[in-house]
């Protein structure tokens, strides 16, 4: 009997329908937990994309400001050369 119980428990473990405490989880609970997990994973991916997009936008703005400063310096140097 012990061997049969172990085989059944292993079967449930292999399809992830056993809780951490060792209790068998119903199909409805299993599906609900799986849906929560998928929702959390999707939210994490969406947040990661948003952070990456914002970071890229900030870097583009920084580079644009840097180029603008370089252009301003070049214009000032041209004006200085013309005056001399």
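Each residue, residue 74 and residue 56, gets one label point 7 Å from its Cα in the Cβ direction; the gap between the two is 2.7 nm.
The stretch between residue 65 and residue 33 holds 6.7 nm of extra length on full extension. This uses 0.36 nm per residue minus the Cα-Cα distance.
Taken together, the values in this text are just the output of simple stated rules run on the coordinates, not laboratory data. These numbers were taken from a predicted model, which means no experiment stands behind them. All Cβ positions, glycine included, derive from the backbone under ideal geometry; neighbour counts span all protein chains shown.
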